[in-house]
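A.B. asks: Please find one structure pasted underneath; my questions will follow.
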Amino acid sequence: MGKRFSIFSILISVVVVIGGCFRSVEPPVINGRDRRIPQTSATVVPVITVHPTSKYPPGWVPPRGRERRWKAIIIHHSAQSTGNMAMIDKYHREVNGWDGVGYDFVIGNGKGKADGQVEVTFRWRKQIAGAHCGGTPNNRANESGIGICLIGDFTKTRPTYRQMSALKKLVRFLQKRYKIPTSRIYGHSTTPGYTRGSICPGKNFPMAAFKRSLRAI
């Protein structure tokens, strides 16, 4: 009986994790090469983080000579109440078999990382295509869209105030640097060309209000 219960518990845990937005994406294709790698338990690459009260966000400006011409911003939720970049990175490596976390930025909610803390991933530092919105024509969303993931399940709750403040600061920075209009800020599920039926970033993410706040400068 005890053995059966343990197996059942493991199966339930797997189902819960699989339900998250952060696994329902495709590995990018870069320069004609599939970025999948064999499953690995490699050490997570250190990230640069910025606390929500910091004036200057280290790591937001990409290295010279690597910067891509980004065209859009795509917002996600993790679909889990707790988490951080390292947890997503581990899942994407060991379960999906990718070369690391699929997003460019991850914003904490106080449960796994400080509330409103922005983590800058290796994809942004290296300026390589994302793995956060697969299925668009020519992998367009991953190739030209910046992926930002907020920790939380916004089908059940709303983002925290600090998360939204950090997101606004980050998005304004990206808009100014890459001349991205508010009309090209999308939720995962509403990204042009995406047809796989995701509900990310969840019904409780205040997209309309967020876009209005960006215009009120």
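The values are calculated or read from the model by the stated rules, or taken from the named source; none is laboratory data. Here the structure is a predicted model, which is why all the values come from computation and not from measurement. Please note: Cβ atoms are built from the backbone with ideal geometry, for glycine as well, and neighbour counts cover all protein chains shown.
A.B. asks: Give the number of residues within segment 191-204 that are touching a residue at least 12 places away in the same chain (Cβ under 8 Å) and surrounded by fewer than 18 Cβ atoms within 10 Å (Cβ to Cβ).
C.D. replies: The total comes to 7.
A.B. asks: Could you tell me which residue of segment 73-105 is surrounded by the most Cβ atoms within 10 Å (Cβ to Cβ), considering only residues that are of a type in the set (Ser, Thr, Tyr) and more than 8 Å from the chain's Cα centre (by Cα)?
C.D. replies: So, considering only residues that are of a type in the set (Ser, Thr, Tyr) and more than 8 Å from the chain's Cα centre (by Cα), the one surrounded by the most Cβ atoms within 10 Å (Cβ to Cβ) is Tyr91.
A.B. asks: Out of the residues in segment 118-144 that are in a loop (DSSP other than H, G, I, E, B) and closer than 14 Å to Ser78 by Cβ, which is modelled with the highest pLDDT?
C.D. replies: It comes out as Thr121.
A.B. asks: Somewhere in segment 205-215, is a residue more than 23 Å from Thr155 (Cβ to Cβ), hydroxyl-bearing (Ser, Thr, Tyr) and in a helix (DSSP H, G or I)?
C.D. replies: no
Every residue, every condition in (1) among the hydrophobic types (A, V, I, L, M, F, W, C); (2) at pLDDT below 95, yes or no:
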{"position": "Thr182", "(1), (2)": "no, no"}
{"position": "Tyr194", "(1), (2)": "no, yes"}
{"position": "Pro201", "(1), (2)": "no, no"}
{"position": "Phe205", "(1), (2)": "yes, no"}
{"position": "Ala209", "(1), (2)": "yes, no"}
{"position": "Ala216", "(1), (2)": "yes, yes"}
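A.B. asks: Taking segment 145-183, which residues are of a type in the set (A, V, I, L, M), over 18 Å from Ala208 (Cα atoms) and part of a loop (DSSP other than H, G, I, E, B)?
C.D. replies: Ile151
A.B. asks: What are the residue pairs meeting all of these: first residue in segment 81-97, first residue under 22 Å from Pro159 (Cα atoms), second residue in a loop (DSSP other than H, G, I, E, B) and of a type in the set (Lys, Arg), Cβ atoms under 6 Å, and 6 or more apart or on different chains?
C.D. replies: Thr82/Lys111; Asn84/Lys113
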